[in-house]
Structure formats: structure tokens, C-alpha cells
Amino acid sequence: MAKAGPAAERVVRAGAELADEIGFDQVTPSELARQLGVRTASLYSHVRNAHDLKTKIALLALEELADRASAALAGRAGKDALSAFADAYRDYALQYPGRFAAAQFRLDADAAAASAGVRHSRMTRAILRGYDLTETQQTHAVRLLGSVFSGYVGLEAAGGFSHSSPSSQESWTEILGALDALLRNWPASS
């Protein structure tokens, strides 16, 4: 059985750092053991298997990202809150690409319910309350924002915007303005 504690936390943090270096999909217990200079078997006192390692890295990433987004949102509302929230996601994705990928790892229902993913949803809905959307419209908007943020930063990180003008920062600013306008003028449900 995997142990919890400071050593286990160090293993997970090392796994997150490895994800940023080589990509989240490439992180395995054997690769992490090589990086740490230990035998793979010794990692199994801290993680059960590759899936458990990836789950723990995902949980760490969700927590880190929620903390950043929460700090960015403090005292903000409306477009300012939307932009701060989006910038926190983008900055995290560009600084920690492997961890950002880990934050999108599919968790089982129990792990998801206990994760910081719940905080992300609550923060997004808190921003959306400033836009006078119904609960159903908020759900659609949460999905839209998540798709735009993840899609944009994924393309940007892959260099998809580096070969043309205007700059990706200028496009990002324009997109956030367009999202704000859309949220203020959300079409009525049919």
C-alpha cells in the first residue's frame, strides 16, 4: 500500500517537475525512478502504479492552479475577474506545461469530487454570476471558457501562434474582450 507523507509528497512533486520537462504523457514510475536515482520498486511504497502517480500529479496541479486562480480573483469582478482568471490559467500553462496537461487528466468520480477541480468550477461560476446568466447558461459558459482557455494555451504552447502577427498576447486580449461581450449578451435559450 502506498504511504502518504513528506516523502510521498516529494515523489509527486518530482513527478510534476518531470512532467514539465518531458511531458505528462511520458511520466512513468520507471522514468521517475531514473530521474531520482532510485529503483522503481522503491517508488511503489509511495505510489501504487503509473495511474496512481498520474492521478497524484493531477491532484497537485489542480490544487496549484486553483490557488493561483483564487489569488488572481481576489477583489475582482466582471471583465477584470474574467481576465485575471484566464491569465492565471494561461500563465500556469506556459510556466508548467506538464502540470497543466496533468490538470486535465481524467480522474475517477471520487478523486474528482475530492479534488481542487470543484474549486475551479466554483470560481468560474462566481465570475459568471456577474453576467446574469441562468444556471443552465452558466454550465454552458463554464464549458466554453474551459475550452477556450485550454485550447488557446495548448496551441500557443505548441508554437501555433509564433509565426504570424499580431502577437499571441494581442490575440489573447482580444479574445478575452470578445468573451466578456458574449457573456454580457448571452443568447436566450430556445
Subject >> Global geometry of segment 54-139, whether rounded, prolate or oblate, following the gyration tensor of its Cα atoms and the 1.5 cut on a/c >> reply: oblate
Subject >> Using a Förster distance of 25 Å, the FRET efficiency for Q169-E63 (Cβ separation, nearest 0.05) >> reply: 0.35
**OP:** Output the Cα-based Rg and Dmax of the chain in Å, rounding Rg to one decimal and Dmax to a whole number.
**Re:** 18.5, 60
Original post:
What longest region of the chain stays clear of trypsin sites (Lys or Arg not before Pro) that DSSP places outside H, G, I, E and B and that have at most 12 other Cβ atoms within 10 Å?
Top reply: 107-190
Subject >> Span from the segment 106-185 Cα centroid across to the segment 20-54 one, whole angstrom >> reply: 31
Subject >> Solvent-accessible heavy-atom area per residue, rounded to whole Å², over segment 16-156 at 1.4 Å >> reply: 50
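Taking all protein chains in place and a 1.4 Å probe, what share, in percent, of the accessible surface of segment 109-190 do carbon and sulfur account for? Spell out each step's value before the answer.
Working: 2610 of 4830 Å².
The nonpolar share, carbon plus sulfur, comes to 54 percent.
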Original post:
Probe 1.4 Å, all protein chains in place: accessible area of I175 in Å², nearest 10?
Top reply: 60
Original post:
Hey, what do the phi angles of segment 32-48 turn into as Karplus ³J(HN,Hα) couplings, whole Hz, using 6.51/-1.76/1.60 and θ = phi - 60°, x for Gly and Pro?
Top reply: 5, 4, 4, 4, 7, x, 10, 7, 4, 4, 5, 5, 6, 7, 10, 9, 6
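The values are calculated or read from the model by the stated rules, or taken from the named source; none is laboratory data. In this text the structure is predicted, and so the values were computed from the model without any measurement. Virtual Cβ from ideal backbone geometry, glycine too; neighbours counted across all protein chains shown. The protein model used for the area step is the full one, side chains on, heavy atoms only, and it has no ligands, DNA or RNA in it. Shrake-Rupley method; radii C 1.70, N 1.55, O 1.52, S 1.80 Å.
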